[in-house]
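Below is one structure; the comments refer to it alone.
A short reminder: the numbers here are calculations on the coordinates, not readings from a lab. Note that the coordinates shown come from a computational prediction; the quantities given were computed from them, not determined experimentally. Don't worry about glycine lacking a Cβ; one is built from the backbone with ideal geometry, like all the others, and counts go over all protein chains shown.
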Amino acid sequence: MSEDKLFDRVGRVFPSGEVLFRDGDAAETMYVLRSGRVRVFKEVNGREKTLAYIEAGDFFGEMALLNNKPRTASAECVEETAVLVIDAKMFEAMLRGNAEIAVRMIQRLAKRLDEANGLVGVLMQKDPKARVILGLERAAEGGIVLEDGTVRVLTDEDQLALEVGVAPEDVRGVLQRMARLGIVEVEDTGFLIPNVMRLHEFLEFLQSRSKS
């Protein structure tokens, strides 16, 4: 079946601001993003925390479909968005009949496992400063690389604090110190990291001082 015929069958267009699903909803469908942009977020302590932005060509919502559990986050269109809405039966048929889709799914699951292992490594660090820096390094891996090589990370201080298990005020203190050194620039929507390698060098510097 051609892509256009598939869209005619299961495609839908949603306006900006449309919520596709909410945290806790039963999972009956997954989505393939054809155009537009989707924000995945979760409410923590009454505040929305952005977990990721989904770009055209990617898919999302499949994990709840695979494990038959409720959604663990919400998804909202941040601009007019066209998606393929795939139910469980079609999803299984696609996996069985299309090797490329199956391989992409395996790659996605492997990436998530790698990310989970990386987070475990961060949380095993006793020094909260090390957790913050390693958390930024992890975030930078999925950041937006600008023309000059600077990496834009779309997360905020509270979200970073939540991910690395450090008090928000301690995260703020580390970020302020790195901002003074030109390692990180704090923006309203996240952070700018001019040179990711300097994060690692700063961490090594702190660790060497703690050993001396």
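So the values come out like this:
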| item | result |
| --- | --- |
| GNM result for the chain, Cα springs below 10 Å: residue of Gly36, Gly149, Gly11 fluctuating most strongly | Gly149 |
| Relative contact order computed over region 3-97 (Cα-Cα under 8 Å; 6+ residues apart), in percent | 44 percent |
| MRE, 222 nm, helices only [DSSP H, n ≥ 4, -39500 (n - 2.57), over the chain, to nearest 500] | -15000 deg cm²/dmol |
| Estimated dipole of region 143-206 in Debye, rounded to 20 [Cβ of Lys and Arg +1, of Asp and Glu -1, Cα centre] | 200 debye |
| Prolate/oblate/rounded call for region 3-97, Cα gyration tensor, a/c under 1.5 rounded | oblate |
| Folded to 0 to 90 degrees: helix 128-141 orientation relative to the chain principal axis, Cα | 40 degrees |
| Nitroxide proxy distance, nm - points 7 Å out along Cα→Cβ at Asp87 and Val103 | 3.0 nm |
| Förster-model FRET efficiency, 25 Å R0, Val145 and Glu185, C-beta, rounded to 0.05 | 0.95 |
| Stretch gain in nm, segment Glu55-Arg22, where the contour uses 0.36 nm per residue and the Cα spacing is subtracted | 10.0 nm |
| Given charges at beta-carbon only (K, R positive; D, E negative), |dipole| of region 3-97 in Debye | 240 debye |
| Separation of alpha-carbon centers, region 6-84 and region 124-196, rounded to whole Å | 26 Å |
| Loop-resident sites, region 1-82, for trypsin sites (Lys or Arg not before Pro), counting at most 16 other Cβ within 10 Å (DSSP) | Arg22 |
| Spin-label model distance (nm) - Lys126 vs Gln207, 7 Å beyond Cα toward Cβ | 1.5 nm |
| Label point distance in nm, His200-Lys69, each placed 7 Å from Cα along Cα→Cβ | 3.3 nm |
| Difference of contour (0.36 nm per residue) and Cα-Cα distance, Arg9 to Gln176 | 55.0 nm |
| Cα centre as origin, Lys/Arg/Asp/Glu Cβ charges: the chain dipole, Debye | 660 debye |
| Those GluC sites (Glu not before Pro) in region 62-113 that DSSP places in a loop and that have at most 13 other beta carbons within 10 Å | Glu79 |
